[in-house]
1. Check whether at least one residue in segment B:290-305 is surrounded by fewer than 19 Cβ atoms within 10 Å (Cβ to Cβ), under 22 Å from B:LEU166 (Cα atoms) and either within 24 Å of the chain's Cα centre (by Cα) or not assigned by TED's automatic domain parsing to the domain that holds B:GLN138 (or both), and report yes or no.
2. How many residues, within segment B:163-190, are surrounded by 17 or more Cβ atoms within 10 Å (Cβ to Cβ), within 14 Å of chain A (Cβ to nearest Cβ) and either farther than 30 Å from A:ASP415 by Cβ or of a type outside the set (A, V, I, L, M) (or both)?
3. Considering every residue within segment A:353-368, establish whether at least one is of a type outside the set (Asp, Glu), outside the structural domain of A:TRP65 (by TED's automatic domain parsing) and surrounded by fewer than 18 Cβ atoms within 10 Å (Cβ to Cβ).
4. Among the residues in segment B:254-274, are any closer than 26 Å to B:PHE45 by Cβ, touching a residue at least 60 places away in the same chain (Cβ under 8 Å) and touching a Lys or Arg at 6+ places or on another chain (Cβ under 6 Å)?
5. Taking segment A:263-291 only, how many residues are hydrophobic (A, V, I, L, M, F, W, C), touching a residue at least 60 places away in the same chain (Cβ under 8 Å) and within 13 Å of chain B (Cβ to nearest Cβ)?
6. In the list A:ALA359, A:ALA331, which residue meets the criterion of being closer than 19 Å to A:ASN103 by Cβ, of a type in the set (A, V, I, L, M) and out of contact with any Gly (no Cβ under 7 Å at 6 or more places or on another chain)?
7. Run A:ASN338 past the list (1) crowded, with 18+ Cβ neighbours inside 10 Å; (2) in contact with a strand residue (DSSP E or B) (Cβ under 6 Å, 6 or more places away or on another chain) and report the number of the one that doesn't hold.
8. Would you check if there is a residue in segment B:115-122 being in the same structural domain as B:ASN233 (by TED's automatic domain parsing) and either over 26 Å from B:MET182 (Cβ atoms) or not in a helix (DSSP H, G or I) (or both)?
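The values are calculated or read from the model by the stated rules, or taken from the named source; none is laboratory data. As the structure is a computational prediction, the values presented were derived from the model and not from experiment. Here the Cβ positions follow ideal geometry from the backbone for every residue, glycine too, while neighbour counts run over all protein chains shown.
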Amino acid sequence: MFKMKQTMLVIVLFLVASLLAVPVQAQEGSDPVITPVVCEEPGSLTMWVWDETWAAIIGASIDVWIAEYCPGAEVDLQVQPWGQYWDVLKTNAAGGDLPDVFNMSQDRFFFYADNDAILDLQPYWDMYGVDTTIWGSGLVGPYRWGEAGDLYAAPVNWDTIAMFYNKDMFDAAGLDYPTADWTWDDFAADAAALTDADNDVYGAAVYSEYQSGYPNWIAATGETPVVDAARTDCTLDNEDSIAALNFLKGLYDEGIMPGVSIMGGASADDSFNFWASERVAMVSGGSWKLPQAIDEVTFNWDVVQLPKHPETGRSRSIVHSVGYVASARTANPDLAANLILFLASDEGQMFFAEGGGVAPANPSPAIQQMWLDSFGDAGVNAQAFVDATADSQGVTVFDEVWDVMNTELVVQIFDLDIPVEDAVASVCEAINAELPE
Amino acid sequence: MTSTLLKFFGPTPLSRRKALWGMALVAPNVLGLFFFFGVPVLMAFITSFREWNAIKPARYVGFDNFERLATDPKFEQALTNTFKLIGLTVPIEMVLALGIAVLLNQPLRGRNWLRMAYFLPVVTSTVAASVVWTSIFQPRYGILSDLLAPVGLGETKWLVDPGLVLIPVGVVAIWQRLGFDMVLFLAGLQAIPGELYEAALIDGANRWQRFRNVTLPMLSPTTFLVVVLAIINGFQIFDQVYVMTLRTVPGGVGGSATTLTYFLYRRAFTNSEFGYASAVALVLFLLVLGVTVVQLVMQRYWVYYESDEG
C-alpha cells in the first residue's frame, strides 16, 4: 500500500512537472548552461542590430534583463538596416562613436579586432565562470583573437544550410523524397528528372553565395572553401575545389540549373525566391529561411540535409554565427558585458528559441528543443539543420574578398560560361592580392 | 580698425544696416556650405596624404597614395570606364535634349504635359529608377529582351557582360539627365528674338538653314552650360552603377562597370583605405577642374555671346 502510494505520488508529480515543462523547461527542466548575473551598477547603453525581427526579440529579452537583473538600466536599442549597417558602423568607428553593444559577423570581426575597436570579453567570461568551449568551434572560433585565443563575442545564433525541396514537384515526377543519406549522384539524377525545360522549370539552384552556395559543395570534398584557415592562400584553384565547381557547372551546362541572369541576381535570396515562385524544384538555403518559407510558400515542401559527397561520404554545411560584441571604448564596459552575458544566457536566448526563426547559439538541449518545437505545426524537418551542425565548416573569408568570391566567381561560371579553371584563376589572383604575404 | 570694418559693410549707416541684414539672411546657407561641404573637402585634401583605416590614428605618408594610384590597374580601369561613359552619354544626351527642346518649343497640343513627362526622371530617385531599369534589362523576363528578340538580341546579358554593362548604366544616366538639359535648352530657345527668324525667312532660309544659322549660334551659350554640366555629371556617375550591379557583381564583372566614384567608394568603405580613397577624390577634383578650364578656354571659338557685339 505504502509502495502504491509512493508510486502514485511520483506519477502525479511527474504529470504536474510535465505540464510546467514547456514554458519553464529551460529554467527548471535542466540546469542552465549560462546563468545571468545581477549587474553591479545600472547605467545607460546604446545597442545596434540590423534586423527588425531581431530587434523585437532582443528588445523583449532586454526588458527582462532590466526588470530582473539590472533595475534602473537603460538601453537604447536601434536598428541600422542591413543595407547600410557596415558603412554606418565604419563611419561611427571613424568618429570614435561606436555603440556600446552591437551585432558583429564573423567575416567582419577581423577588421574591428585588428584595430582594437572591440572589447575583450574573456576577463568577463572568466569572472562569470563561463566555459567558452560550450559553443562549437564553428560558432566562436572566428571570434577568438590574440595569442591566448580570447573570446571577444558572445554568439547569438547558429545558421546552417540544408536543401529546401518542392514536394509537389517530386510527386509529379514520381520521385521519392530525398533522405539524409542521399549522394551527389542521387541529387543530380533527381534534379535532371525534375527539370522541365519546355515550361522553364529547373531542377536545382545551389551555387549562390558563400554561405548558401558552392562553398558547401567544396567543403564536402574535405577542402576548406575559398581561403584556407590560416588566411594565407586561396583554395579555389585546388583540385578538389575545381572538381566540386565542375560538378555544379555540369548541371548548369545541361540546363538543370538556371544561370544568374535567369534568376535575376547572384544572391541566395534570388535563388530562394526563384524556388518559392516554383521555377526550380530544389534550392540550398539557410535555417534563417524557415520562417519565410513557412509563412509564404504555398506548395508542399520540406528540407533535407545537403547530399553526401560520393567519395568522402560527407555532407558539410557552412556554419555562421552572429555575435554580440562591445565597443573597446564603451564608457560602461562592465555593464555592457553584463548585458551580453544575459543575452547569451539560457534565459536571454529563450526569446530566440520561442521566436521560431533564428536558431539560438546557447547549446542547452532544452533551448535547442524549444527552437525545434517552435516549428511544430509546420511539419518541417527542421532537425536537418541541427544535424548539419555535426559536420560543418566555419567562415574563413573576410570583407575585402566578399564580392569577388561571392558574386564574381558565380557570375563568371554560372552566367558568362567561363570555364571553371579560368574563373578560379582570375578570382584567386584577386583574393591573393588581398591576403597578407 | 573699426572704421575699416565699417567701411567694408557700407559707406552710410543705412547701407551698413542693409548689408548686415543681407548677411544675416545668407548666413545659414553659407555656414551650412562651409561646415558640410568646405570642411569635408579640406579634410579629404589632408587625408589624401595619409594612411587611415578610419579606426587607427592616421599616419602621414607624403605622396605614397598618389604613387600607388599611378600604378594601380584598377584605378586605370575606373578612369577608362568613366571616360567611356562620358563619351557615351554626353553627345547622345545633348542631341536628344536639344531635339526634344526644339520639338516642345513648337505650339504642340499638350506640350506642357510632355515637358513635365520628360522632366519627371530628373526628380525621380536615382535608386528607384535604377531598380526599375535593372528589371527592364533583365535578360529573360525583362521588357527589353522581348523588344529586341526580333533582331536577335533577346536574352542579352546587359548587366553582366563586361563588354556591355556600361551601356545600361549610360542609358539610365541619359534618361535621368535628359529633362534637366531640355529645360535649359527650352529657356535658351525662348530667349532667341523672333525677328531673327523673320529676317531669315525674308532672306529665303529654309527650316534647316534657320536652325543651323540662327538657332544653333544663338543657343551656343546655353549649349556651353549644358556641356559643362553634363560632363561634370558624367564624372560623378555612381548610383546607377551601385544599384544596377548590386544584385549580380558589384562594380561589374572584373570591375567592368566601376567608375571613379564607385572605385572611391569601394576603397573607402569596403577596404577601409580612406587615405587612398581621398587621393582618388583629389584626382577626380583636379580632372573635373582641368576639363572645365579647357572648356572655358575653348568656348571663345564656338560660343556666341550677343552682348559682345554690342
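1. yes
2. Residues flagged as surrounded by 17 or more Cβ atoms within 10 Å (Cβ to Cβ), within 14 Å of chain A (Cβ to nearest Cβ) and either farther than 30 Å from A:ASP415 by Cβ or of a type outside the set (A, V, I, L, M) (or both) within segment B:163-190 amount to 1.
3. From segment A:353-368, those of a type outside the set (Asp, Glu) are A:353, A:355-368; that's our starting set.
If we keep only those that are outside the structural domain of A:TRP65 (by TED's automatic domain parsing) as well, we get none.
So far as segment A:353-368 goes, no, none of its residues is of a type outside the set (Asp, Glu), outside the structural domain of A:TRP65 (by TED's automatic domain parsing) and surrounded by fewer than 18 Cβ atoms within 10 Å (Cβ to Cβ).
4. So far as segment B:254-274 goes, yes, one or more of its residues are closer than 26 Å to B:PHE45 by Cβ, touching a residue at least 60 places away in the same chain (Cβ under 8 Å) and touching a Lys or Arg at 6+ places or on another chain (Cβ under 6 Å).
5. Here is the first cut: in segment A:263-291, the residues hydrophobic (A, V, I, L, M, F, W, C) are A:263, A:266, A:268, A:272, A:274-276, A:280-283, A:288, A:290.
Imposing the further condition that a residue be touching a residue at least 60 places away in the same chain (Cβ under 8 Å) reduces the set to A:266, A:268, A:272, A:274-275, A:280-283, A:288, A:290.
With the extra rule that they be within 13 Å of chain B (Cβ to nearest Cβ), the set shrinks to A:266, A:268, A:274.
Here the count works out to 3.
6. None of the others qualify; the one that does is A:ALA359.
7. Here A:ASN338 meets the rest and fails (2).
8. In the first step, residues of segment B:115-122 are kept if they are in the same structural domain as B:ASN233 (by TED's automatic domain parsing); the result is B:115-122.
Subset that is either over 26 Å from B:MET182 (Cβ atoms) or not in a helix (DSSP H, G or I) (or both): none.
Checked segment B:115-122: no residue is in the same structural domain as B:ASN233 (by TED's automatic domain parsing) and either over 26 Å from B:MET182 (Cβ atoms) or not in a helix (DSSP H, G or I) (or both).
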